[in-house]
Structure formats: C-alpha cells, structure tokens
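Structure first, then comments.
The values are calculated or read from the model by the stated rules, or taken from the named source; none is laboratory data. Model, not experiment: these values are computed from the prediction. So basically every Cβ, Gly included, is an ideal-geometry build from the backbone, and we count neighbours across all protein chains shown. Calculation scope for accessible area: heavy atoms of the full protein, side chains included, ligands and nucleic acids excluded. Shrake-Rupley method; radii C 1.70, N 1.55, O 1.52, S 1.80 Å.
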Amino acid sequence: YNVLADIYATKQLYPYCPMWALSWRVRRKILLREILAYDADIICLQEVQQDHYTEFFYKELEGLGYQGLYKAKTRVAGKIDGCYTLYKKERFRLVESNTIEFNSVARAIARTNAFEQRNDALRRLLKDNVAQIIVLERLDGDMSHTQGGNTLCLANTHIFWDPEYSDVKLWQTHLLLQELERVVRNRKNIPLIFCGDFNSMPSEAVVELLKSEKVSETTKPNDPCNILPPVQSITHSLGLISAYEHVTGNEPRFTNYTGHYVGTLDYIWVSRDSVLPVSTLLIPNEKTLRGTDDTPLPNTRFPSDHLALCVEVEISPTNAQAQTLSMNQYQMQ
C-alpha cells in the first residue's frame, strides 16, 4: 500500500481535495483504521514519511503486535519517505534483512567504468529509490520454537515514478531481481513474495520482465545514456506470477486514481511453484471511489491516491507442509 507521504499531499497536486482531508492529522487516522481492518500477517508500505514512521506508524503498529523494518530513501535534503515492511511477531521470526540503495549500486558500477557515458548515466540513475529484502521463518502453533526450513523471502520496493525515465525503472527492477535471485537460490529456492509500487503499467517493460522473465526489443525503453545491458541479458529465473492476475484473470483496472492519472502501478508478485494466491481484496469501482463528492483520490473517504492490494496465499515451503497466511500491501504515491 502506497500511503501518500505528507510531503506529496499538496493542494497543487490534488486541488479537488479539501485541505482538511489532505492534512496528515486526518489521513493518518483513516490509514491506520484501514490497515488494521485487513488484519494482515505481512504488510508492505511505501511512501512512509520518515518522521511519521517514528512518530506514528512505529508506535501504533508495533504496539499492536507487529515487528517492522523501515528504510528511508537516500535523499539528503528535506523530509524524505521510504519503505516500511511489517510482520506479526506471533507468526514470524526475522532471519535475514537486506536493503538496496540504488544510488550506491549505480556509483559502484560507475567506478568500474561500466557506463559508456559515466557522468550522464549517474545523473540519470541517482533517484534515491530503495528496496527491502527480508527472510522470515514462521513460528509454530505454540510459538515455543521455529520449524526448521519453514522460511520465505519478502521484498518491498518503490520504483522511480517519472514516465520519462522508463530506462531507470527497468534498470532498478532488473537489479533488484538479480539480488532476489541470489537470496532465494542461496536458501534453496525458498518461496518469494514481492510487493511494491513499480510505477509501471501492465504493458510496460518492467511488468513484462517480472512476468515473462525477459524484455522484448519492441518493449525495451529508450536508453539515452546506455545504462541498460543488452536486451538478451535483461532476464531472471524467479518464476513469478501476479497474485491479482492469477486470482481474477486480469490486473486491476487501476491502483492509482487521481485527477491527473488513472492506471495500474502496484503489484504483488509471488513464486508460482510455491505460493498459491487464493483470494484478493476487491478494488472499489469508480463510483465508490469518487463518493458523494464525485472526486478522484485522495478524497474525504480514501486517504491515499493509491489503493491497498491484499491477497491471501497458500505457501508450500520446502518441508512440503502447506500453510496459509494473509498478506497486505499498502501503497502510497
């Protein structure tokens, strides 16, 4: 769930929303009520403002039985937002935690002289985005010990937003998939749940890569600074399916619904061989979203410009004992 950071909730972007409804004081109460109503075992949030993580989300959610990890974007100046991944302490134990700072990776690659246009490539790539990768082990019924090998990998990210930077989006996604492959393979192909605001429509290269494990020449975006490898090298072998498409037959018509943009940008991806999506949260129709005020999001009823995605899945871990957990992704842009 992309919860719309307060620094982006401006009257300039959302002139149709009353100022009182845009205020963090009002939106935070609605957000918390919504998140808790899903009663999810796992929660992935994007656009959580750093000071609001400290002052609000941490106190409220971790006081109600969740354990969480927060990673801020790497921007230095001003207030910043980031990703926040939580899980129920009574159901999971943290085994491993990693973060990816795309800026740091870009600088490291540049030092190897891998970019033909080093300075131009860095200017294009340094967008401050981050990702989280964690490994969880599920606790057994009496919670006195853990079940050996009963682990899963969970990833949460917020890919760069600008439609003029499709090459950067693909570069970030490919890099993250490579790291996920390393973590999953090192742990004997454990189940993977991969959530995020990918800022990409179903027809675009990022989603094609996630779903098809490759990118076609016709879909590969313009690459003005030659940051991307050859198209035949933009691959992965994680075997992912989209939870919503698997359950409903299609991606939602939209997950982002504003006065200036309507489209599907948010996804929950899972390992097709070990995670079975069985049900999803219904995306409200336009009439419901617009409400009595007849306005896009955010509005007096919906606190973010994005919609929450939730899926219930059956996980078949390596010990072959199927389990069910309910999973929520909360996004905000």
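Overview of results
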quantity: Any hit, segment 28-40, residues being exposed (fewer than 15 other Cβ atoms within 10 Å of the Cβ), at positive phi and acidic (Asp, Glu); calculated: yes
quantity: Sole residue being in contact (Cβ under 8 Å) with a residue 40 or more places away in the chain and open to solvent by 70 Å² or more (accessible area, probe 1.4 Å), chosen from LYS79, LYS73; calculated: LYS79
quantity: Lone unmet requirement of (1) surrounded by 15 or more Cβ atoms within 10 Å (Cβ to Cβ); (2) part of a loop (DSSP other than H, G, I, E, B) for LYS11; calculated: (1)
quantity: Count of segment 27-66 residues which are touching a residue at least 60 places away in the same chain (Cβ under 8 Å) and not charged (D, E, K, R); calculated: 11
quantity: Checklist (1) of a type outside the set (Gly, Ala, Ser); (2) assigned to a strand (DSSP E or B); (3) over 22 Å from GLU47 (Cα atoms); (4) open to solvent by less than 20 Å² (accessible area, probe 1.4 Å) applied to PHE115, failing item; calculated: (2)
quantity: Some residue of segment 55-65 being open to solvent by less than 70 Å² (accessible area, probe 1.4 Å), modelled with pLDDT of 95 or more and farther than 27 Å from VAL311 by Cα; calculated: no
quantity: Residue in segment 163-184 that is more than 18 Å from the chain's Cα centre (by Cα), closer than 26 Å to ASN2 by Cα, in a loop (DSSP other than H, G, I, E, B) and charged (D, E, K, R) present; calculated: no
quantity: Test result for GLU251, charged (D, E, K, R) and under 18 Å from the mean Cα position of the chain (by Cα); calculated: yes
quantity: One residue from LEU94, LEU86 being assigned to a strand (DSSP E or B) and buried (at least 20 other Cβ atoms within 10 Å of the Cβ); calculated: LEU86
quantity: Given (1) touching a residue at least 60 places away in the same chain (Cβ under 8 Å); (2) out of contact with any Ser or Thr (no Cβ under 6 Å at 6 or more places or on another chain), number of the condition ARG107 does not satisfy; calculated: (1)
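Condition check ((1) aliphatic (A, V, I, L, M); (2) more than 18 Å from the chain's Cα centre (by Cα); (3) modelled with pLDDT of 95 or more) across all residues:
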residue	(1), (2), (3)
ASN222	no, yes, yes
ILE227	yes, yes, yes
SER274	no, yes, yes
THR280	no, no, yes
LEU307	yes, no, yes
CYS310	no, no, yes
ILE315	yes, yes, no
MET327	yes, no, no
GLN333	no, no, no
